[in-house]
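So the structure is just underneath, and the comments pick up after that.
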Amino acid sequence: MNSEMRMTLTQFLIEERRRYPHAGGDFNSLLLNVALVCKRIARKVAAGELGGATGSASNVNVQGEDQKKLDVISNDLFIEGNNWGGYLAGMASEEMEDPYQIPECYPQGRYLLVFDPLDGSSNIDVNVSVGSIFSVLRAPASDRPVTVDDFLQPGTEQVAGGYAIYGPTTMLMLTVGNGVHGFTLCPQVGEFMLTHSNLQIPPDTHEFAINASNSRFWEAPVTRYVDECMAGKTGPRGKDFNMRWIASMVAEAHRILMRGGVFMYPRDSKDPAKAGRLRLLYEANPVGFLIEQAGGRASTGRQPVMNVKPSSLHQRIGLIFGSKNEVERIERYHNEPQQHDEPNPLFTERSLFRQSV
């Protein structure tokens, strides 16, 4: 089907709104403006070195991470593209320590926008896919400025979640609580066109993604799961697995939405002060929303990630998501006593990745 016959993002949102006759138009306006921001970021990313936006910004963000120039540019584009519309009460971002207050010269709206403006930015300079992640929450009914507490809502309260991936093609993946739909940016007309409807993640898979360099810090259930996958047909799983790792969660999530798999960035002992590496509000929750709307499962390893009540704006958490049966297996391993009587030495204390001390 060519682009002229496909539904645009605007048409899709209008059709969705018709299902709720009493809904206002500000929710659609918010999502369309987020999509417009993603188009602008896509152009910056596509220009690469020619656009003068690659390399370090010579600054450290609130997360203690070195900012890339495109991190800063993308954050500014999200702010500039959404602060004036009258549909937001405030915003929060990976790149800002405190919530962003909508300027007094603009109307205050009913929603909160939280986002990671450029996920996987360590890949920018080597031309690997990166993306933007966003989540929409309802704002409390109040005329006061927003506070941190206003954003501390569990993922189950999200009204929309999604990401844009800037790869060989730019795509926007979106859920408004009625399945997951994928839109491809058509370069000829400059519109996001519906190309993937009601995506479903297969419940079983032969692919897993994890950063194996952290294996010495993993908890025993994660080590057990990975060892079993690595053992292939001769191990307890009885089938071969492939291991992936891109270091861009958007790219990992996209692969899983398109063909299944399991992604693991679990809590580990590398930094005991941190409960995980990924940020709950603007990374784990929106991706978890997408995954579960597509029939997958998103978990901390012990409980559904969207059930976690946030305690701080930039709270970190362990995250495991993807094909439902695999994630449930990992959760089961966390809840079972550790086994010490496995006859195959591959699965004893001395594993493929970790030696006992």
Exercise. Could you figure out which of (1) under 30 Å from Phe151 (Cα atoms); (2) out of contact with any Asp or Glu (no Cβ under 6 Å at 6 or more places or on another chain); (3) not aliphatic (A, V, I, L, M) isn't true of Glu283?
Key: (2)
Quiz item: Out of the residues in the range 223-254 that are in contact with a Phe, Trp or Tyr (Cβ under 8 Å, 6 or more places away or on another chain) and among the β-branched types (Val, Ile, Thr), which is surrounded by the fewest Cβ atoms within 10 Å (Cβ to Cβ)?
Solution: Thr223
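Answer yes or no as to whether Arg259 is modelled with pLDDT of 95 or more, surrounded by 23 or more Cβ atoms within 10 Å (Cβ to Cβ) and under 17 Å from Pro202 (Cβ atoms).
no
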Self-check item: So Asp204, is it of a type outside the set (A, V, I, L, M) and out of contact with any strand residue (DSSP E or B) (no Cβ under 8 Å at 6 or more places or on another chain)
Solution: yes
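Yes/no per residue for (1) under 21 Å from the mean Cα position of the chain (by Cα); (2) modelled with pLDDT under 85; (3) not assigned by TED's automatic domain parsing to the domain that holds Gly161:
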| site | (1), (2), (3) |
| --- | --- |
| Thr10 | no, no, no |
| Ser29 | no, no, no |
| Gly48 | no, no, no |
| Ala57 | no, yes, no |
| Glu65 | yes, yes, no |
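Any idea which residue in the range 233-283 is nearest to Thr184 (Cα to Cα), counting only those that are among the small types (Gly, Ala, Ser) and touching a Gly at 6+ places or on another chain (Cβ under 8 Å)?
In this case the residue turns out to be Ala251.
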Self-check item: Subset of the range 282-333 that is in contact with a Pro (Cβ under 7 Å, 6 or more places away or on another chain) and among the basic types (Lys, Arg) - its residue that is farthest from Ala164 (Cα to Cα)
Solution: Lys309
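The values are calculated or read from the model by the stated rules, or taken from the named source; none is laboratory data. Every value quoted in this text rests on a predicted model; they were computed, and no experiment measured them. Cβ coordinates were reconstructed from backbone atoms using ideal geometry, including for glycine residues, and neighbour counts include every protein chain displayed.
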